[in-house]
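These notes are about the structure you will find just below.
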Amino acid sequence: MANEKTIANASESGTDKLLLIDGNSIINRAFYAMPPLTNSSGMHTNAVFGFTTMLLKVLEEEKPSHLLVAFDAGKTVFRHEGYAEYKGGRQKTPPELSEQFPLLKELLRAFSVPQFELPGYEADDIIGTLTRRAEEQGQTAVVVSGDKDMLQLASDQVTVLLTRKGVSETERYAPEEIAEKYGLTPAQIVDLKGLMGDSSDNIPGIPGVGEKTALKLLAEYGTVEEVLAHGGEIKGKLGENVRGHEDSARMSKELATIFREVPLEQQWTDLAWRGYDASALAAALRKLEFKSLIERLDLSGSVAGDDAETGAAAPVYEAVLVRGADEWAALADALPAAEALLVEANGDNPHQTEGIGLAVVSGEQVFVVPYARLGEPDAGPLRAWLADADAEKRGYDLHRSELVLARSGVELRGQTFCVQLAAYLLDPTEADPSLTGLLSRYGLSGVQPDEAVYGKGAKFRVPDEEALAAHLAAKADAVRRLAGPLAEALEDAGMRRLYYELEQPLAVILAGMEKQGIVVEASALEELGKEFQGRIEQTTAEIYRLAGFEFNIGSTKQLGDVLFEKLALPVVKKTKTGYSTDAEVLEKLEPYHEIVRLILHYRQLTKLQSTYIEGLLKEIRPEDGKIHTFYRQTIAATGRLSSQFPNLQNIPIRMEEGRQIRKAFVPSEPGWRILAADYSQIELRVLAHISGDEGLKEAFRQEMDVHTKTAMDVFGVSADQVDGNMRRQAKAVNFGIVYGISDYGLSQNLHITRKEAAAFIEQYFNAFPGVRRYMDDIVDQAKRDGYVKTLLERRRYLPDIRSSNFNLRSFAERTAMNTPIQGTAADVIKLAMVRMDEALRERGLKSRMLLQVHDELVFEVPPEELDTMRELVPDVMSKALQLDVPLLAEVSAGVNWYEAK
DNA sequence: ATCCTCACG
DNA sequence: ACGTACGTGAGGATA
């Protein structure tokens, strides 16, 4: 390709000039200097953009014949050896920046710019070494950096360009300029640092010595050593500080000194730069979507082919579609080195979905098995590998994979890392759980959205095997690429144990519970449904009679017309689209018209009928008479589970009519019992623990009724003076406290004025000062850190906590108060589930854990284990996590879930 | 698809 | 002055 092009080339004029760029320093400057910028696939690109504009500018101005971008490498820079805190004060690199390093390196390759890094050395050491060698050989060099330390390299032959303000503006420093600006020689720059330190690198210097003082001292004494030698002459506090921090000053100078003897094999002469390949650069810039740069470099004609159009990176793996004996054999050979697994299925409900295909990544190959072939005899080794608990599986949504495989009789064991679960822990509020979404969050690409491959909704089609293989291979490779960075991020966030000891084992336990399922007697539901149906018809007729005509009671629009226009009842509340008719509104309207009570009753009955009778009946599987829910571990922002298809965490209990539904939930074997155990007041106990409030802790230690205790303290009365109404109000206050109290919310709940609610809250905080302190502290903490965490280090980020929008900020503040409470309670019961699973196994019990309902665990138990389980379950639950207050779990058993109360 | 309503902790 | 209690999932109506 005769496409070589240079901006300029100094060697044509006979002078060699070496340009050395401090990659880390410049990309950092660029990141903070440029506004946020992303391309259409969500990659952050602002730092790369800034870097590139800087690069183009200096190439144009300096016209170098030789060129290098040096990067820091590895974590243990040799300077650490003497001083562990070196650079310790540095902020962690934000992911939005770190994800740009690979992009920059790729772009530099397209520029044909030599780049390197050397483990154990920083970029400035490499640059220092190369400038020294250039000097020795009588050549000139230009160094570009944002770091003032680099000025120590300036000489007759070496010029330093420091970025100023932005990134493409630089300031030129030869020794004269340094003398002019600081009155120092380049060599004295390290003395300057030695005295004044550098907070960004955690170099201490001498306390109380800033730039001014340091320059004054150096003007007088010349070097750190001389300053220290004359420490006795320096008067006052300054002299004291100098004399007291001699070691610190010497060490700081040493840390600031660039090491110029790096064992580099490359000579600067190896770094000749002859320009870039226009088509490669155009493709790279297009991928980054730097249209202005493409234009500026006049590259718009240089885009070759479709590949450049889409900017697709060349895959570094080979997709192998498994169709026959040869591929099966190759797959079997590759299994011991498998790095990632992907199981693709076609629907949301893993208990109903059919597998589409399966992919295994091993080295440079990704084997893709169309799902139907999993039953072939040749699949034996693959099935054995899947079932081998010692063969580690890294995957995406392994919980779902296990269920999908189980449906076709394939066992999955040995799950060690799930990128979806890991990503959830790192940011549980991130909405897009797709692999593509995950990739873009981590600055990676190369996978098409599922929708683009399969279509969505009714148009869902599995493409031909080759296209399928390409897609599944890309996804499986994406899992491999994500696993390392995610695992590292978990470590960095202190969530290693949360992941490996709690969430990952729990995923397997949940899959077990779901596969087990719970028997629901269709006949019982149908009986109950008939009864509801009769009452619905009766109520409907009565409503029509009172209205004077028939209408759709279930339509809020029609109902609104009837209530607020025909019957002219007062409008209490409006929604975005019309009149509000929710239960709260209807309760207020009850005194005005008889019809209102009937509507409430109608609502209650139709809810039970459609959601619980008809809804559950549809979910009973004819093969086993059971309902198999699907617990989702990566949905709730607080760390709770959620339950789908159907939701078994919202089966009625508060109203007797609805509670009857629970009679249909029965054991799967004759004579067995349903046993349910629930934590008593777990959230308030957690609050007592994390707030450390003495009064609240004492109440739980005495096993007092916490609402009565609250009433006593808030109303200032003795236990026997607390009446039902006071206790009810105190209970509402306790709920409010857990939810993140606001006077408005409490006033709504108790139907009192905001002022009265505020007075209650004030009374509460006076009675429980530790709780007030917790609420204040947690909000401060959230403002400072940007997130809150639970006892087990689960995190939730609250970006709105610093919002200037009152609503957003208030919401975030309440969330900051609530999440550690609700989330720690979630931690506790999850831990109890892991321990319970172990306990059942260790003791060889036949009892099975079936359901979790946030603070409750439901089991089915054979009669001979009933006594054991009545003790074991509450025991394990109460010991799941040691708090400053007891954790009490109450247990009950019966022939169905209703009776286990 | 989105809104409203309501079941649970 | 602002105007919501925290966290979910599902069904039916409507646009």
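The values are calculated or read from the model by the stated rules, or taken from the named source; none is laboratory data. Note that the structure is predicted; figures quoted are calculated from it, not measured. No Cβ is skipped: glycine too gets one built from the backbone with ideal geometry, and neighbour counts run over all protein chains shown. Just so you know, the surface numbers come from the protein's heavy atoms only, side chains and all, with ligands and any DNA or RNA stripped out. Shrake-Rupley method; radii C 1.70, N 1.55, O 1.52, S 1.80 Å.
Take the conditions (1) open to solvent by 50 Å² or more (accessible area, probe 1.4 Å); (2) over 26 Å from A:T353 (Cβ atoms); (3) within 11 Å of DNA strand C (Cβ to nearest atom); A:L608 misses just one of them, which is (1). For the range A:519-569, the set of residues classified as within 15 Å of DNA strand C (Cβ to nearest atom) and within 30 Å of A:L412 (Cβ to Cβ) consists of A:V520 only.
Only one entry of A:G560, A:G512 meets the criterion of being assigned by TED's automatic domain parsing to the domain that holds A:E402 and in contact with a strand residue (DSSP E or B) (Cβ under 9 Å, 6 or more places away or on another chain), and that entry is A:G512. Please verify whether A:D378 is modelled with pLDDT of 95 or more, open to solvent by 30 Å² or more (accessible area, probe 1.4 Å) and more than 17 Å from A:Q504 (Cβ to Cβ), treating the condition exactly as stated. Spelling it out, A:D378 is indeed modelled with pLDDT of 95 or more, open to solvent by 30 Å² or more (accessible area, probe 1.4 Å) and more than 17 Å from A:Q504 (Cβ to Cβ).
For the range A:663-683, the count of residues that are buried (at least 19 other Cβ atoms within 10 Å of the Cβ), within 13 Å of DNA strand C (Cβ to nearest atom) and closer than 30 Å to A:Y396 by Cα is zero. So which residues in the range A:863-884 are touching a helix residue (DSSP H, G or I) at 6+ places or on another chain (Cβ under 9 Å) and assigned to a loop (DSSP other than H, G, I, E, B)? Hits for the range A:863-884 are A:K879, A:A880, A:L881, A:L883, A:D884. Does A:K879 meet the test of being surrounded by fewer than 20 Cβ atoms within 10 Å (Cβ to Cβ) and closer than 19 Å to A:P505 by Cα? It is true that A:K879 is surrounded by fewer than 20 Cβ atoms within 10 Å (Cβ to Cβ) and closer than 19 Å to A:P505 by Cα.
The residues listed here are A:R172, A:R164; of these, the one that is in the same structural domain as A:N46 (by TED's automatic domain parsing) and more than 41 Å from the chain's Cα centre (by Cα) is A:R172.
If you check A:T634, A:T710, A:T638 for being under 21 Å from A:R772 (Cβ atoms), within 16 Å of DNA strand C (Cβ to nearest atom) and hydroxyl-bearing (S, T, Y), only one passes: A:T710. Can you pull out the residues in the range A:331-344 that are open to solvent by less than 40 Å² (accessible area, probe 1.4 Å) and either assigned to a helix (DSSP H, G or I) or over 17 Å from A:A473 (Cβ atoms) (or both)? Those that are open to solvent by less than 40 Å² (accessible area, probe 1.4 Å) and either assigned to a helix (DSSP H, G or I) or over 17 Å from A:A473 (Cβ atoms) (or both): A:L331, A:A332, A:A334, A:L335.
Pairs are defined by a Cβ separation below 8 Å, a sequence spacing of at least 6 or placement on different chains, a first member in the range A:567-581 that is outside the structural domain of A:G554 (by TED's automatic domain parsing) and in contact (Cβ under 8 Å) with a residue 24 or more places away in the chain, and a second member that is away from DNA strand C (no atom under 13 Å from the Cβ) and among the hydroxyl-bearing types (S, T, Y); no pair meets this definition. Among the residues of the range A:492-512, the ones that are more than 22 Å from the chain's Cα centre (by Cα) and surrounded by 21 or more Cβ atoms within 10 Å (Cβ to Cβ) come to 1 in all. Residues in the range A:568-600 that are open to solvent by less than 20 Å² (accessible area, probe 1.4 Å), part of a helix (DSSP H, G or I) and either of a type in the set (D, E, K, R) or near DNA strand B (Cβ under 9 Å from one of its atoms) (or both): A:V585, A:L586, A:I599. Residues that are closer than 19 Å to A:E590 by Cβ and out of contact with any Gly (no Cβ under 9 Å at 6 or more places or on another chain) within the range A:545-560 comprise A:R545, A:L546, A:A547, A:I553, A:L559, listed in sequence order.
Can you spot a residue in the range A:671-681 that is assigned by TED's automatic domain parsing to the domain that holds A:T815, small (G, A, S) and more than 14 Å from DNA strand B (Cβ to nearest atom)? Checking the range A:671-681: not a single residue is assigned by TED's automatic domain parsing to the domain that holds A:T815, small (G, A, S) and more than 14 Å from DNA strand B (Cβ to nearest atom).
When each of A:L107, A:L192, A:L184 is tested for being in the same structural domain as A:A30 (by TED's automatic domain parsing) and of a type in the set (A, V, I, L, M, F, W, C), the lone residue that passes is A:L107. In the range A:606-630, the residues that are farther than 17 Å from A:K515 by Cα form Cβ pairs under 6 Å with partners that are in a helix (DSSP H, G or I) and within 11 Å of DNA strand B (Cβ to nearest atom), at six or more places apart or across chains, as follows: A:L608/A:G658; A:Y612/A:I661. Within the range A:688-732, restricting attention to residues that are closer than 19 Å to A:N818 by Cβ, touching a Gly at 6+ places or on another chain (Cβ under 9 Å) and part of a helix (DSSP H, G or I), the residue that is most open to solvent (accessible area, probe 1.4 Å) is A:S691. Here no helices (runs of 4 or more DSSP H) wholly within the range A:135-229 include at least 2 residues being of a type in the set (K, R) and in contact (Cβ under 8 Å) with a residue 40 or more places away in the chain. The helices (runs of 4 or more DSSP H) found entirely in the range A:738-848 that carry 1 or more residues being charged (D, E, K, R), in contact (Cβ under 8 Å) with a residue 24 or more places away in the chain and open to solvent by less than 60 Å² (accessible area, probe 1.4 Å) are A:806-842.
Residues are listed down the side, and each one gets a yes or a no for (1) near DNA strand C (Cβ under 10 Å from one of its atoms); (2) of a type in the set (S, T, N, Q):
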{"site": "A:D693", "(1), (2)": "no, no"}
{"site": "A:R701", "(1), (2)": "no, no"}
{"site": "A:D705", "(1), (2)": "no, no"}
{"site": "A:A719", "(1), (2)": "no, no"}
{"site": "A:N734", "(1), (2)": "yes, yes"}
{"site": "A:I737", "(1), (2)": "yes, no"}
{"site": "A:G740", "(1), (2)": "yes, no"}
{"site": "A:G745", "(1), (2)": "yes, no"}
{"site": "A:A759", "(1), (2)": "no, no"}
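The helices (runs of 4 or more DSSP H) falling completely within the range A:406-513 that include 2 or more residues that are more than 21 Å from A:T638 (Cβ to Cβ) and out of contact with any Pro (no Cβ under 8 Å at 6 or more places or on another chain) map to A:435-441, A:450-454, A:465-492. Within the range A:639-652, residues that are farther than 10 Å from A:E619 by Cβ reach partners that are part of a loop (DSSP other than H, G, I, E, B) and more than 7 Å from DNA strand B (Cβ to nearest atom) with beta carbons closer than 7 Å, at six or more positions or on different chains, in the pairs A:G639/A:P428; A:G639/A:T790; A:G639/A:R794; A:L641/A:Q633; A:S642/A:I635; A:S642/A:A636; A:S643/A:T629; A:Q644/A:T629. Scanning the range A:387-399 for residues that are in a helix (DSSP H, G or I) and free of Cβ contacts under 8 Å to residues at least 40 places away in the same chain yields a count of 1.
Of the candidates A:L648, A:L616, the single residue that is within 30 Å of A:P428 (Cα to Cα), in a loop (DSSP other than H, G, I, E, B), at pLDDT 95 or above and within 15 Å of DNA strand B (Cβ to nearest atom) is A:L648.
Being within 16 Å of DNA strand B (Cβ to nearest atom), more than 22 Å from A:L887 (Cβ to Cβ) and not hydrophobic (A, V, I, L, M, F, W, C) holds for only one residue in A:Q729, A:Q748, A:Q721, and it is A:Q748.
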